[in-house]
1. Keeping to region 28-58, report how many residues are open to solvent by 20 Å² or more (accessible area, probe 1.4 Å), closer than 22 Å to GLU109 by Cα and over 13 Å from the mean Cα position of the chain (by Cα).
2. Using beta carbons and a limit of 6 Å, which pairs, at least six apart or on different chains, have the first residue in region 80-104 and under 26 Å from GLY65 (Cβ atoms) and the second one open to solvent by 50 Å² or more (accessible area, probe 1.4 Å) and in a loop (DSSP other than H, G, I, E, B)?
3. What strands (runs of 3 or more DSSP E), lying completely within region 8-113, carry at least 1 residues that are touching a Gly at 6+ places or on another chain (Cβ under 6 Å) and modelled with pLDDT of 95 or more?
4. For ALA97, only one of the following conditions fails: (1) more than 15 Å from ALA14 (Cβ to Cβ); (2) open to solvent by 50 Å² or more (accessible area, probe 1.4 Å). What is its number?
5. Starting from residues that are of a type in the set (A, V, I, L, M) and touching a helix residue (DSSP H, G or I) at 6+ places or on another chain (Cβ under 7 Å), keep the ones in region 2-27 and report whichever is least open to solvent (accessible area, probe 1.4 Å).
6. Under 7 Å by Cβ, and 6 or more places apart or on different chains, what pairs join a residue from region 37-61 that is farther than 16 Å from ASP72 by Cβ with one that is among the aromatic types (Phe, Trp, Tyr)?
7. In region 63-76, how many residues are open to solvent by less than 50 Å² (accessible area, probe 1.4 Å) and more than 17 Å from PRO100 (Cβ to Cβ)?
Amino acid sequence: MTRLDEILRETISAGEQFWFVQDVHIADETANTVTIHLVISAELIVQVFFSARSQRFSMALVGPGGRLYGRDRQFGQWHTHPFDNPTVHVPDREKPASQPVAQFLAEVEQILLSSNLLDSILPP
């Protein structure tokens with residue numbers, strides 16, 4: 001069973017490892033839940049949400065219009081919200097790595113680079 005402090009530690013550590021993460025802050029925290037924002041730019045964040053009670057774990061690349069890409073664990077099952085259609089749920093065949101936030105950020109990095117989403121923060 002995953003704990004809030006484990007998610008906090010992993011998310012902060014992962015945020016420090018990826019060059020495109022500008023800031024990490026706790027957006028909301030209760031006794032049973034935490035929402036963490038990894039700031040990429042004024043218009044892009046990665047939001048990590050975890051509930052210790054339900055073990056729900058959600059990670060999403062979020063832009064001005066909402067979720068652009070995501071990966072969630074609900075009821076013990078993982079699914080992905082693909083970048084080309086983030087409203088659908090695609091069941092994952094494999095469990096994420098032992099550090100799901102770092103794995104998700106690696107996937108986000110590829111999306112950011114391949115889709116030119118970083119043009120607003122990279123120097124010319």
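1. 2
2. Pairs that qualify, where the first residue is under 26 Å from GLY65 (Cβ atoms) and the partner is open to solvent by 50 Å² or more (accessible area, probe 1.4 Å) and in a loop (DSSP other than H, G, I, E, B), are GLN103/ALA97.
3. Numbers: elements: 23-29, 33-39, 45-51, 57-63, 66-74, 77-81.
Passing ranges, in order: 23-29, 33-39, 57-63, 77-81.
4. Condition not satisfied by ALA97: (1).
5. ALA14
6. These pairs meet every condition: ILE40/PHE20.
7. 3
The values are calculated or read from the model by the stated rules, or taken from the named source; none is laboratory data. A quick note: this is a predicted structure, and the numbers were derived from the prediction, not measured. FYI the Cβ positions are ideal-geometry reconstructions off the backbone, even for glycines, and counts take in every protein chain you see. Ligands, DNA and RNA are stripped out before the accessible areas are found, and what is left, the full protein with its side chains, is counted by its heavy atoms. Shrake-Rupley method; radii C 1.70, N 1.55, O 1.52, S 1.80 Å.
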